[in-house]
């Protein structure tokens, strides 16, 4: 079997979230709540990957495009209509007659669509046996361009709809100037206001990115009738994010995943040692044998050179200089 460390890009795959593993660094209550979630298996297309230094090789961060098994769900808030999707051959059904995109090899499902304006970041868990990309169904580059071309007017129209809604919302307060007593409005169903598609901007720690298992041989791992509704994928993510958020509110001292995975700072060497290392010479550091000959009085022991810590500091500087994402 030909295997690679990571899945290829522009390939279809099946994924399933692991809520329990996502909260393993938190408390027992978070673990219990996560176990109550029954994740489904979903179909996606890998789109983009980027480096996460905190993973230590345990996962790989990808942007994926979830695949729907129906026309696009109407999203009035963002201006998306049911026709803003493209069928995947052998599916050819579309209300506006859009031609399907054609994967590079036989696609095992006849009810699938790409939806406009939808993607998701996930952490793909590493597999000891690797990923056999030769078994993956690829989307050829030409078909990717065709898909983008079909979605371009959808994205433009959705943006215009959002701008029009924002404009109406901005002028509404000026129109509500009547001195007549107003009729109290009925409270809205707050459950409809929950935004499962866009997490709050402050949720930037890797713990809020779904940890998933991924399979490239989709036909062997996912039957058509078992493909999860992609909206449920976002609901699952929202549920786990809520569990994590509640855990940190219960106990502010619980570590974030980034803190949990980052090794503690070496108490023997402070940050100034690494910051000033490049301006020092090797002779300014003495061996432990030399240290044994120094007196406790008058001359303090020089601090030891820690190469691992230096590399961590240099890595942070390089990432900041070139704006490499975490």
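Could you list all residues from region 127-150 that are touching a strand residue (DSSP E or B) at 6+ places or on another chain (Cβ under 7 Å) and surrounded by 15 or more Cβ atoms within 10 Å (Cβ to Cβ)? Those that are touching a strand residue (DSSP E or B) at 6+ places or on another chain (Cβ under 7 Å) and surrounded by 15 or more Cβ atoms within 10 Å (Cβ to Cβ): 131, 133, 136, 137, 138, 139, 143, 146, 147, 150.
Do we have any residue at all in region 135-150 that's modelled with pLDDT under 95 and closer than 28 Å to residue 209 by Cα?
The initial filter retains those residues of region 135-150 that are modelled with pLDDT under 95, namely 135.
From what is left, the residues that are closer than 28 Å to residue 209 by Cα are 135.
Scanning region 135-150 turns up at least one residue that is modelled with pLDDT under 95 and closer than 28 Å to residue 209 by Cα.
Could you please let me know if residue 225 is over 20 Å from residue 30 (Cβ atoms) and modelled with pLDDT under 90? Answer is no for this residue.
Filtering region 100-119 to residues that are within 21 Å of the chain's Cα centre (by Cα) and modelled with pLDDT of 95 or more leaves 114, 115, 116. Can you name every residue in region 222-244 that is more than 21 Å from residue 63 (Cα to Cα) and touching a residue at least 40 places away in the same chain (Cβ under 8 Å)? Of everything in region 222-244, those that are more than 21 Å from residue 63 (Cα to Cα) and touching a residue at least 40 places away in the same chain (Cβ under 8 Å) turn out to be 224, 226, 243, 244. Quick one: in region 1-21, of everything that is closer than 12 Å to residue 213 by Cβ and part of a loop (DSSP other than H, G, I, E, B), which residue is farthest from the chain's Cα centre (by Cα)? Restricting to residues being closer than 12 Å to residue 213 by Cβ and part of a loop (DSSP other than H, G, I, E, B), the top hit is 7. Of all the residues in region 26-53, those that are surrounded by fewer than 18 Cβ atoms within 10 Å (Cβ to Cβ), at pLDDT below 95 and in contact with a helix residue (DSSP H, G or I) (Cβ under 8 Å, 6 or more places away or on another chain) number 1.
Residue pairs whose Cβ atoms lie under 9 Å apart, separated by 6 or more positions or on different chains, with the first residue in region 249-263 and modelled with pLDDT under 90 and the second exposed (fewer than 12 other Cβ atoms within 10 Å of the Cβ), are 261/56; 263/308.
Does residue 24 meet the test of being out of contact with any strand residue (DSSP E or B) (no Cβ under 9 Å at 6 or more places or on another chain) and either in a strand (DSSP E or B) or free of Cβ contacts under 8 Å to residues at least 12 places away in the same chain (or both)? Don't jump to the end; show me each part of the working.
Values: out of contact with any strand residue (DSSP E or B) (no Cβ under 9 Å at 6 or more places or on another chain): yes; either in a strand (DSSP E or B) or free of Cβ contacts under 8 Å to residues at least 12 places away in the same chain (or both): yes.
Answer is yes for this residue.
The values are calculated or read from the model by the stated rules, or taken from the named source; none is laboratory data. What you see is a predicted model; the values in this text were computed from it and never measured. Because the Cβ atoms are built from the backbone with ideal geometry, glycine has one as well, and the counts that use them run over all protein chains shown.
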